[in-house]
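First the structure, in the form of structure tokens, and then the observations on it.
The values are calculated or read from the model by the stated rules, or taken from the named source; none is laboratory data. Predicted, not measured: the structure shown is a model, and the values here were computed from it. For neighbour counting, all protein chains shown are included, and Cβ atoms are generated from backbone atoms with ideal geometry for every residue, glycine included.
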Amino acid sequence: MTNGWVDIKNTDMMLVMGGNPAENHPCGFKWVIEAKKNRNAKLIVVDPRFTRTAAVSDLFLQIRSGADIAFLGGFIRYAIENNRIAKDYLVNYTNAAYILHDGFKLPEDDGVFSGFDAKTQSYDRSTWNYAGGDASGKLVGAPHVLAAAAHPPGTPAPLPALPEKPAYDLTLQHPNCVFQLLRKHYSRYTPEMVERITGIPKDQFVKAADLFTSIRKDGDTKKVATVIYAVGWTQHTSGTQTIRTGAMLQLLLGNVGRAGGGVNALRGHSNIQGATDMAGIFDNLPGYLKVPNPADGSFEGWMKRLTPTPSKPTQWASFNYWGNTPKFAVSLLRAMYGDAATKQNDWAYDFLPKVDRNYSWTYIWDDMYNGNVKGLFAFGMNGVAIGPDTKKNIDALKKADWLVVGEIYPDETSEFWKAPGTSTEEMKKIQTTVYRLPCAGFAEKDGTFTNSARWLQWKNVALPTPSGCRLDQAIVAQIFLKVRELYQKEGGKFPDPILKLTWAYTDPSNPSLAEVLKEINGKTFADAEDPVTKQQLKAGQQLPGFAWLKDDGSTACGNWIYCGSHSEAGNLTMRRDASDPSGMGVHQNWGWSWPANRRVLYNRASCNTDGKPWDATRRQVWWSEPAQKWVGNDVPDFKADSPPKDHMGPFIMNPEGLGRIFAPLGAFVDGPFPEFYEPVENPIENPLHPKQTHNPVVKRFKTPDDKLGTPKDGYNVVCTTYRLTEHYHYWTKNNPMNVQLIPEPFVEIPAEMANEMGLRGGEKVRVSSIRGEYVAKAMVTKRIKPMMIDGKKTYQIGIPIHWGYRGIAEDGEKTSKMPANMLTPTVIDPNAFTPEFKGFLVKVEKA
Amino acid sequence: MSQATLRVQKISGHAGTVPGEDTQRQELVCKLIDTTTCIGCKACEVACVEWNDMPFSPTTFDNTYQTMPDTRWNYWNLILFNEHEREDGSLQWLMRKHQCMHCAEPGCLEACPADGAIVQYTNGVVDFQQDKCIGCGYCIAGCPFNVPKLNTVTKRVYKCTLCTDRVSEGLEPACIKSCPTGCLHFGTKDDMRDLAAQRVKQLREHSGFTNAGVYDPPGVGGTGVIYVLHDATRPELYGGLPSDPSIPLMVKLWKHPLKWLGNLAVVGGAIALFVHFLRYGPKARDEEDIRAAGGLP
Amino acid sequence: MDASRRDFFKIATIGGAAAAVFGFDLQPAYAQLRTLKIARANETRSTCPYCSVSCGVIIYTIGDRAKNVTAQVVHVEGDPDHPINRGTLCPKGASLEQDILNDRRLLKPQVRRPGGTDWEDISWEQAIAEIADKVKKTRDATFIETDAAGHRVNRCESIAWTGGCTDTNEFNFLVVKSMRALGVVHLENQARV
């Protein structure tokens, strides 16, 4: 979330789409209700099903799963055509005025942007760039093209850089400026087109577009709208671009950075925000540092690729905060390798694994299926049930040498070798060794979770682990120390990073998590002084914040964005001061929020160019002339002493300092503007460009389990998977209370479809995709209606995912013991690599 | 171990008036349930079962999100789900928390023949005292909301206590505390009526629910649980909420005329006794006298 | 006994009439209630492990943290001080007591041997030693120091780590450190899916 849970109460207008917060985030949803009750805010819900969120909405629209970009593109078109945009915000805080490279082409007819190479199914993105300008923003001579730098043979050419001085037109009239191309791009997303793709009747669509953009009616700049989403947007092959469309809409309306505004991802689980921040993922290191790739060659080469330089009009300033990347990277390596990371050895750069291909979730299973991943650690991660394509994942595990599962309940993954339908004979052929280690429950562990609003909160141990179980951190430490001991004794391949990793915990075999948090926060190795405040630190002291980080090796920090969470002032994530003097739900002294305890990101954008709030009744930060700095109810997400006259852009992490309506160069692999493409299993051809129905860069896997169904084969019902408020993923199927609330799996079937099938509620149905089948009882409901998709009557059904083959109902023989992910395909979003769990094709029969 | 108590203002099956009645003032407590902000999450159901340490009972899928068809002796609080298609074709998914209404004039208490098995505290809460319950089930017939449920094994009847153990210690009921959206609210009856009226005004003026209203049925003297409904003219849409509930006629007949007769017999007996004494003077006691005073309940 | 039943009835009758006339009795009636079960329990502030709202919860346990007590949970309720949930919980958070006190918990390390048709018990020490041995053997057999183009890559592609959604930041940091040190690149978390 750019904003926070409580902040939702400050809004005037809410678009909940691709999320079902009433069911999946009920306690956060209270702030939606508070906005409705206290501000008469309106709630628009767009979902394939009439959900419990829809039940309290002011307007509900039923959309076809996977059609979100068409809908949001239609909103953008409506806002522009009806002049419901925030003009000043757009000109000054976004790149709308930037003029683009004249080689850039929109996907109007053929469905692809400029630079597409059909053979490699990828884009040469060098034309996705700004044109160079002079000091006044006029185009300079020839279009801006930088020669590709020399690069090793066999590797893709590195992308050119952004121009230091882009050309721009603050009147937004230049035909090749971002705004005009945006308008042109979405001019095709008419209400009629939206209706054909999404199935939403155009009058309903226009009603929603009118309501949402009404906050900018007649030039109003005071009101604010928020966009709230979750994995209903993410879990598609168009996931990242859908989210981007939402963000662009919010920039267009000037809602980002403002109280009650923003683009708000409701992360699904308790600490996946923290896991993302801490980079428990292949492509990042802690604090969103991109991992080194082989071609970087050295620490310097890596930093050169990662560290951007400003790209902005001469008269404007850009903080370009990623310009500090080397400080973050050196400090991380110093935290990991201590004295073994020196300037002489390139800060132990050699110890980091180098990555030049995809190792994400679906690749793990594919690589295991193909015999390349031989051992898997699954700690609280039930990959068989989580899917996609349960059968493929089971088949993959059968080919692994070993599997180590850390869990608190018996799960599908640890028992893959006795999945339903596996005979004793087959079991005997499975050569995988499986260890199942009993871990600790949440109440038995301390440490921090980072919530969706980026708040780190310390939790306390309430009771000991049951005897026989061990703390997760102790298990990992003990395995690592044992491996290290083996390398010490026996030697082996490249032992240095293992032997030299810092592990200086008081009890190395059971690290105290408070010590680890201190390590993450970081410390200084030398005495230091802040040049402005004159605050002094002694060598060995905890760092107060990331502004203290250095690239000379004198600081260590495990994750720069968490720097400040455990300073000399103590463990700030433990703070419990709920006071909120502004009444705006900031709660500055409760826990600690990254970055630098800021609660609303980009909050400089809550003020006009003079540094005064757009709405004086919802003041977050503002420029104080007497103090000559930014002050306010929140910590300014900005260079505190940069006066408004310097015109520094509020989006300080972008080299432009501006919000990106157009995402240049390497930001996304499939287009700088989002374009609607059909899900990989599509009920119709893409009405925008039938010859390019799918996202052209989506990867297809090739194992025999990787099959895709089509309407021609009889798969013509759109199916979506989702969660229920009564259950939590594959966990509460072990909790008798939750099982009592919803005892069995079911499939939601539209009443009209059930009538046609002669199906009554409670009877069993068999749902089949080309990959597998799922049998459960039918819930026949009026809450999903048949839709007209491009003139074709289309049904959607829904399957809650919470069951598998181990659980109270499963063990009680109350279910058919099939995870819903038997049905889902292994296809992924090309930017975030999230699988398409939603919007695939099935057929439905009575079972 | 200390044991909390609450003062009683009405007692089932009890002779005469309630001891201590009207000697101490106390505010009536009340739950406000705003069905227009209920998301049917069932946190209140769980909070109730957890707080009251009730056992888990098996349920089966029944083509609905609703946990079970009706409340049970050990499941006092149930969200009722109803899909309702409006005239314009749009859909409403109505959710209502169903539980004891804590009537000001409780039909259960009226109907109950067992002395002290059902009491109403001075804060308005109607509570069952299972140790005095005789399992006759009259309270079930007496309730216009179908709330009390019989445990057929122990032959005792159970229902929501409004968490008297919590309320008597100054806490809110468990369901109220859990409610994520704040569609449940707890306070004095006057305050809850005020809040409800404000919400109704907002629903009428800003959300287009022109028939929004408060459900606080006068037929049972008002209730300790009141609802805000999108359409107060059609409470039956919300899982059969009765539009004009009252104590069943049979219970009234059963209790009131008989009680009257009983009282008449007491007073008549006293007068007869006095007249008898004046006329005949003292006399050795006999069975006849006892019969003469037999109108005592 | 000479005290007459008739006298008793007289008193009762007159007493009843008096109560009816004056409308009160000076001896009030009380009913006994269930004791507040958390009145003396210990409170621990924690965070709900389910969704990303991170509601504050209070875990009530028996005992007062004295040395001779093993705490056990008696109740879990929302933390009213918490700015986001303000004491409220959803049906999952409200049932956390059943997550803590759950007879389906795994309580001992187990191993399923190649070709095995059932779990076998294994000691912690044995399990950790065997796992460490497999990690080292797998890594040593497959470690890639340089790629085809001759670049130093120092990666281990044959071991994967998948981490769950309720892993704390601190645990994740330990995982990132140790797995990156091993050269693991198949590093993944629920965050992606």
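Brief remarks on what is shown
- Flag if C:Cys90 is at pLDDT below 95, within 21 Å of A:Asn734 (Cβ to Cβ) and either within 7 Å of another protein chain (Cβ to nearest Cβ) or part of a loop (DSSP other than H, G, I, E, B) (or both): no
- Taking the numbered list (1) in a helix (DSSP H, G or I); (2) surrounded by fewer than 21 Cβ atoms within 10 Å (Cβ to Cβ); (3) in contact with a strand residue (DSSP E or B) (Cβ under 8 Å, 6 or more places away or on another chain) in turn, A:Glu756 passes all entries but (3).
- Taken together, the residues in region B:46-64 that are in contact (Cβ under 8 Å) with a residue 24 or more places away in the chain, in contact with a Lys or Arg (Cβ under 9 Å, 6 or more places away or on another chain) and more than 7 Å from chain A (Cβ to nearest Cβ) amount to 3.
- Residue in region C:128-164 that is surrounded by the fewest Cβ atoms within 10 Å (Cβ to Cβ), counting only those that are of a type in the set (S, T, N, Q) and out of contact with any His (no Cβ under 9 Å at 6 or more places or on another chain): C:Thr146
- The lone criterion from (1) more than 18 Å from B:Thr35 (Cβ to Cβ); (2) buried (at least 21 other Cβ atoms within 10 Å of the Cβ) left unmet by B:Met192 is number (1).
- Test: residue in region A:785-801 that is basic (Lys, Arg) and crowded, with 18+ Cβ neighbours inside 10 Å: yes
- Selection of region A:233-250 for residues being more than 12 Å from chain C (Cβ to nearest Cβ) and touching a helix residue (DSSP H, G or I) at 6+ places or on another chain (Cβ under 7 Å) yields A:Trp233, A:His236, A:Ser238, A:Gln241, A:Thr242, A:Ile243, A:Thr245, A:Gly246, A:Met248, A:Leu249.
- B:Lys42 fulfils the conditions (1) closer than 15 Å to B:Ala174 by Cα; (2) within 13 Å of another protein chain (Cβ to nearest Cβ); (3) out of contact with any helix residue (DSSP H, G or I) (no Cβ under 7 Å at 6 or more places or on another chain) except for a single criterion, (3).
- Odd one out for A:Trp590 among (1) more than 30 Å from A:Phe651 (Cα to Cα); (2) within 32 Å of the chain's Cα centre (by Cα); (3) at the interface with another protein chain (Cβ under 10 Å from one of its Cβ atoms): (1)
- Tally, over region A:178-197, of residues that are in a helix (DSSP H, G or I), touching a helix residue (DSSP H, G or I) at 6+ places or on another chain (Cβ under 7 Å) and polar (S, T, N, Q): 0
- Those residues of region B:150-172 which are more than 8 Å from chain C (Cβ to nearest Cβ) and part of a helix (DSSP H, G or I), in sequence order: B:Val167
- Looking across region A:387-443, just one residue is among the hydroxyl-bearing types (Ser, Thr, Tyr), out of contact with any strand residue (DSSP E or B) (no Cβ under 7 Å at 6 or more places or on another chain), farther than 14 Å from A:Tyr369 by Cα and surrounded by 20 or more Cβ atoms within 10 Å (Cβ to Cβ), and that is A:Tyr409.
- Taking the listed residues A:Ile85, A:Ile69, A:Ile44, A:Ile99, the one that is modelled with pLDDT of 95 or more, part of a helix (DSSP H, G or I) and either closer than 20 Å to A:Phe662 by Cβ or within 14 Å of chain B (Cβ to nearest Cβ) (or both) is A:Ile69, with no other qualifying.
- Against the conditions (1) closer than 20 Å to A:Val373 by Cα; (2) in a helix (DSSP H, G or I); (3) touching a strand residue (DSSP E or B) at 6+ places or on another chain (Cβ under 7 Å), C:Ser178 satisfies every one except (3).
- Exactly one residue among B:Arg7, B:Arg25 is more than 12 Å from every other protein chain (Cβ to nearest Cβ) and either farther than 26 Å from B:Gly219 by Cβ or modelled with pLDDT under 90 (or both), and that residue is B:Arg25.
- Of the residues screened, B:Leu94 is one that is hydrophobic (A, V, I, L, M, F, W, C) and under 22 Å from B:Cys175 (Cβ atoms).
Rundown of residues vs (1) surrounded by fewer than 23 Cβ atoms within 10 Å (Cβ to Cβ); (2) at pLDDT below 95; (3) under 30 Å from A:Leu59 (Cβ atoms), yes/no style:
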| site | (1), (2), (3) |
| --- | --- |
| A:His151 | yes, yes, no |
| A:Gly154 | yes, yes, no |
| A:Pro158 | yes, yes, no |
| A:Gln173 | yes, no, no |
| A:Cys177 | no, no, no |
| A:Arg196 | yes, no, yes |
| A:Asp218 | yes, no, yes |
| A:Ile228 | no, no, yes |
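- Here region A:703-731 is the region considered, the condition is being within 23 Å of A:Gly66 (Cβ to Cβ) and among the charged types (D, E, K, R), and the residue that is farthest from the other protein chains (Cβ to nearest Cβ) is A:Lys712.
- Region A:270-367 holds helices (runs of 4 or more DSSP H) entirely within its bounds, and those carrying 1 or more residues that are within 8 Å of chain C (Cβ to nearest Cβ) map to A:272-277, A:325-337.
- Summed over region A:449-482, residues that are over 21 Å from C:Asn42 (Cα atoms) and either acidic (Asp, Glu) or in a strand (DSSP E or B) (or both) total 5.
- One residue from A:Gly261, A:Gly254 being in contact with a Phe, Trp or Tyr (Cβ under 7 Å, 6 or more places away or on another chain), more than 8 Å from every other protein chain (Cβ to nearest Cβ) and over 26 Å from A:Glu681 (Cα atoms): A:Gly254
- Within region B:1-91, strands (runs of 3 or more DSSP E) holding 3 or more residues that are farther than 27 Å from B:Cys139 by Cα and in contact with a strand residue (DSSP E or B) (Cβ under 7 Å, 6 or more places away or on another chain): B:78-85
- Any hit, region B:111-118, residues being modelled with pLDDT of 95 or more, under 15 Å from B:Cys160 (Cα atoms) and assigned to a loop (DSSP other than H, G, I, E, B): yes
- Taking the conditions (1) under 30 Å from A:Ser423 (Cα atoms); (2) of a type in the set (A, V, I, L, M, F, W, C); (3) more than 7 Å from every other protein chain (Cβ to nearest Cβ) in turn, C:Ile62 satisfies each one other than (1).
Yes/no matrix, rows are residues, columns are (1) in contact (Cβ under 8 Å) with a residue 24 or more places away in the chain; (2) within 20 Å of C:Thr88 (Cβ to Cβ); (3) surrounded by fewer than 24 Cβ atoms within 10 Å (Cβ to Cβ):
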position: A:Met13; (1), (2), (3): yes, no, no
position: A:Gly18; (1), (2), (3): yes, no, no
position: A:Asn24; (1), (2), (3): yes, yes, no
position: A:Val45; (1), (2), (3): yes, no, no
position: A:Leu59; (1), (2), (3): yes, no, yes
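- Here A:Pro679 meets the list (1) out of contact with any helix residue (DSSP H, G or I) (no Cβ under 6 Å at 6 or more places or on another chain); (2) at positive phi almost entirely, failing just condition (2).
- If the condition is being charged (D, E, K, R), touching a residue at least 24 places away in the same chain (Cβ under 8 Å) and more than 14 Å from chain C (Cβ to nearest Cβ), then region A:732-756 contributes A:Glu744, A:Glu748, A:Glu752.
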